[in-house]
Protein chains: 2
Amino acid sequence: MKIGELSRATGTNIETIRYYERIGLLPAPDRTAANYRSYGDAHRSRLSFVRHSRDLGFTIEEIRSLLDLSDDPARDCSEADRIATRHLEQVEEKIAQLTLLRDELTRIVGRCRGGVAADCRVIEALGDHSHCESAH
Amino acid sequence: MKIGELSRATGTNIETIRYYERIGLLPAPDRTAANYRSYGDAHRSRLSFVRHSRDLGFTIEEIRSLLDLSDDPARDCSEADRIATRHLEQVEEKIAQLTLLRDELTRIVGRCRGGVAADCRVIEALGDHSHCESAH
DNA sequence: ATGCACCCCGTAGCAACTACAGGGTCAAGC
DNA sequence: GCTTGACCCTGTAGTTGCTACGGGGTGCAT
């Protein structure tokens, strides 16, 4: 399978595939006589793993560790669990942060009564943190 | 006020202040005889506005628009409201996304029973999107 | 005169891509 | 047989919002 086909099969940009190869996340595939990259099923499933993990918000370095782990089937699974659990905690923290932010923004947006910028409550609220009800 | 003092007064890194000046978000201040930047109250409140807006997640370009607006007090306030409302929508969308993500991660993490990587449910779930209950 | 804290400038690095520029390859159609 | 178009190659530079140097100058106290 050539790179365009792999791209369509996994929903990954061609440039991104080459980028993953450059940073050593995907192994360099064989080349055709014309120097085109030639991929097999192993590449496709590895790339799917990477994309799915990225979609779930794992960093490249976390994915690298997870791939190392799955490349060595004798290793203990707890490392994978640790990485996923920590990531879950980060996501939960981010949600909490954004929720505070949303409340603050809702308050600020709700203050707009129209009119000119000089009287704008939105601009006023942005300039003055003391209007806020929570830390952020 | 010198840059270090402004930095402490607004909780902004010195390098960040110089960066904001370089990209034209803060006006270049006067200089002392020793070529040190010398700031006044107007700079401090403008920088506070920027920091507060950044904390609320506005992009530099959005902040630029908001500053332009507040520099011209005769302009209509609706632009500010539009920017803030759109930003609020983005935050809400991000929260929704992250919530789906969190649910998926919770499900994946919950599957770990220990053991070796070859049987790891976490790694299996990452490799195979079809285990997922929602799109992401 | 010698520390030390502070300031200057310019450039490079981070994450995770994305977007060129400037080329080569290959099959189909005229 | 020659062009058109879709595909592929490499290498480098751009994106966002900073942060971190390296290699200097300034100002004040000891």
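The values are calculated or read from the model by the stated rules, or taken from the named source; none is laboratory data. Everything quoted here is computed from the prediction, not taken from an experiment. Glycine also receives a Cβ, built like all others from the backbone with ideal geometry; neighbour counts cover every protein chain displayed. Protein only, heavy atoms only, side chains kept; ligands, DNA and RNA dropped before computing areas. Shrake-Rupley method; radii C 1.70, N 1.55, O 1.52, S 1.80 Å.
Things worth noting here:
- No other residue among A:F49, A:F58 is more than 12 Å from DNA strand D (Cβ to nearest atom), part of a helix (DSSP H, G or I), under 16 Å from the mean Cα position of the chain (by Cα) and aromatic (F, W, Y) apart from A:F49.
- Answer residue from region A:17-50, given it is more than 23 Å from B:H131 (Cβ to Cβ) and β-branched (V, I, T) and is nearest to DNA strand C (Cβ to nearest atom) among those: A:T32
- Residue match in region B:94-114 (condition: more than 21 Å from A:D55 (Cβ to Cβ) and out of contact with any helix residue (DSSP H, G or I) (no Cβ under 9 Å at 6 or more places or on another chain)): no
- Of everything in region B:82-113 that is among the basic types (K, R) and in contact with a Leu (Cβ under 8 Å, 6 or more places away or on another chain), the residue that is least open to solvent (accessible area, probe 1.4 Å) is B:R102.
- Flag if B:L26 is open to solvent by less than 20 Å² (accessible area, probe 1.4 Å), assigned to a loop (DSSP other than H, G, I, E, B) and either more than 9 Å from every other protein chain (Cβ to nearest Cβ) or within 12 Å of DNA strand D (Cβ to nearest atom) (or both): yes
- Region B:54-72 residues that are closer than 15 Å to B:T12 by Cβ, paired with ones that are more than 13 Å from DNA strand D (Cβ to nearest atom) and open to solvent by 70 Å² or more (accessible area, probe 1.4 Å) (beta carbon under 9 Å, 6 or more apart): B:D55/A:H129
- Evaluation of B:I3 against (1) more than 12 Å from DNA strand D (Cβ to nearest atom); (2) more than 21 Å from the chain's Cα centre (by Cα) (one fails), failing number: (1)
- All told, A:E79 falls short of being closer than 18 Å to B:L105 by Cα, away from DNA strand C (no atom under 15 Å from the Cβ), more than 7 Å from every other protein chain (Cβ to nearest Cβ) and open to solvent by 70 Å² or more (accessible area, probe 1.4 Å).
- Residues of region A:65-76 that are more than 7 Å from chain B (Cβ to nearest Cβ) and either open to solvent by less than 70 Å² (accessible area, probe 1.4 Å) or of a type in the set (F, W, Y) (or both): A:S65, A:L67.
- Reported count of residues in region A:6-23, each being under 29 Å from A:E89 (Cα atoms), more than 9 Å from DNA strand D (Cβ to nearest atom) and assigned to a helix (DSSP H, G or I), is 3.
- Pair list, Cβ < 7 Å and 6+ apart or interchain, from region A:31-48 residues that are within 12 Å of another protein chain (Cβ to nearest Cβ) to residues that are among the hydroxyl-bearing types (S, T, Y) and within 16 Å of DNA strand C (Cβ to nearest atom): A:R44/A:T10; A:L47/A:T10; A:L47/A:T12; A:S48/A:T10
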